[in-house]
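Report on the structure given below.
Read the figures in this text as sums done on the coordinates, not as results from a lab. Model, not experiment: these values are computed from the prediction. Positions of Cβ are backbone-derived with ideal geometry, glycine not excepted, and every protein chain shown enters the neighbour counts.
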Amino acid sequence: MTDTERPPAAWSADGISDPDYRATFAAVPAILGDWLAGHGGFTGKDILDFGCGHGTAALSLALHNPTARVVGIDIMPDVDECRQKAREQIGLEALPANLSLSRVEPGSLGDPQARYDLIYSWSVFEHVDQTLLPGIVDQLRRALKPSGLMLVQIAPLYYSSEGAHLMAWVPERWGHLTNQLNRYSDKLLRALHGDRAAYDRLFSTFATLNRVTAPQLVALIKAGGFEILRDYRTRDEHELPAELLGVYHEDALRTNQIVLLARPAAAALAADRAAHPGPRQPWWRKPLKRLRKANKTG
């Protein structure tokens, strides 16, 4: 029996005990499905999960859409834990054949020849180094098929109340903006009971956030040759610390999520075709076409 003939492995989401796993396995694919419903959905599509983490959302898409090809890439080794977590949470023993997960170098999308119908990035762009962002957006556009779509989501945005990604340990809204940095760092270490390894990991994540705002992300996507089809944002209505309003724009402080759906702009597609023209017509085809035309008119 070949892989294509082998029946799908048994699994169930009913026993998921980890709320983060449930959110990524169930909620994220459901949201993607809603956004893509008017664009053909996932059936038969080539899909790239850019910054897939443990590969949980990519796995869910692959399991629920057996005719799709799902590729997940990440610069971290978390992708190697997908099978173990799937076994623990949904009872899946083997990853499906239509799923491919791999670790890549920063700035790389893996296979440079691969082309996708859909590329999505969920809570990843805020972790990409500032210097790499323009090049990454350009690469993502070139990795799309001409009719392809890209969905980018960021939450929480850096200047929002939970923008430090540390709210679970330092439960102070906008604390990363109101606290002196060393005091904020000390609060995190105390919350971790002095666990230096955990502190180093979490503080490094915070320190390397690129601080992109919603308007900056829109400008970045457009500058990368995309046309924005849909722009959705959510706002934080908690009371703002008064001292921040004299320093930061209120919209930056209140916008905690942005979701963008985009497609390659016509001008960018034309430029790509000009820069990478297809194979030329063989010289012997041209006179043959002229001869056929002459015979028809004769």
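The table that follows gives values for the structure above.
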{"read-out": "Using alpha-carbon coordinates, inclination of helix 285-297 to the longest axis of the chain, degrees", "value": "50"}
{"read-out": "Label selected from (1) 1.02; (2) 1.38; (3) 1.21, the criterion being Cα Rg over 2.2 N^0.38 Å as computed here", "value": "(3)"}
{"read-out": "Using alpha-carbon coordinates, inclination of helix 266-275 to the longest axis of the chain, degrees", "value": "60"}
{"read-out": "Pairwise label distance in nanometres, Thr43 with Asp14, each label 7 Å out on the Cα-Cβ vector", "value": "2.8"}
{"read-out": "Where chymotrypsin sites (Phe, Trp or Tyr not before Pro) in DSSP loops with at most 12 other Cβ within 10 Å are excluded, longest remaining stretch of the chain", "value": "1-282"}
{"read-out": "Equivalent ellipsoid dimensions for segment 88-165 as semi-axes, Å, which come from the Cα gyration tensor, largest first", "value": "24, 21, 13"}
{"read-out": "Fully extended contour minus Cα-Cα distance, from Ile31 to Ala97, at 0.36 nm per residue", "value": "21.4 nm"}
{"read-out": "Separation of alpha-carbon centers, segment 40-56 and segment 156-203, rounded to whole Å", "value": "31"}
{"read-out": "Ala266-Ala23 FRET efficiency (beta carbon distance; Förster radius 35 Å; 0.05 resolution)", "value": "0.45"}
{"read-out": "The chain - share of DSSP beta bridges that are antiparallel (%, nearest 5)", "value": "40"}
{"read-out": "Loop trypsin sites (Lys or Arg not before Pro), segment 237-281, which have at most 14 other Cβ atoms in a 10 Å radius of their Cβ (DSSP)", "value": "Arg280"}
{"read-out": "Within the chain, longest stretch free of exposed GluC sites (Glu not before Pro) [DSSP loop, at most 10 other beta carbons within 10 Å]", "value": "94-236"}
{"read-out": "Estimated FRET transfer efficiency when R0 is 25 angstrom, pair Arg196-Asp78 (beta carbons, to 0.05)", "value": "0.75"}
{"read-out": "Local net charge near Tyr21, Cβ-Cβ under 10 Å (Lys/Arg +1, Asp/Glu -1)", "value": "-1"}
{"read-out": "Nonlocal Lys pairs with alpha-carbon distance under 27 Å, the chain (8 or more apart, or different chains)", "value": "5"}
{"read-out": "At R0 = 25 Å, FRET efficiency that the Cβ-Cβ distance of Glu243 and Leu181 yields, to 0.05", "value": "0.95"}
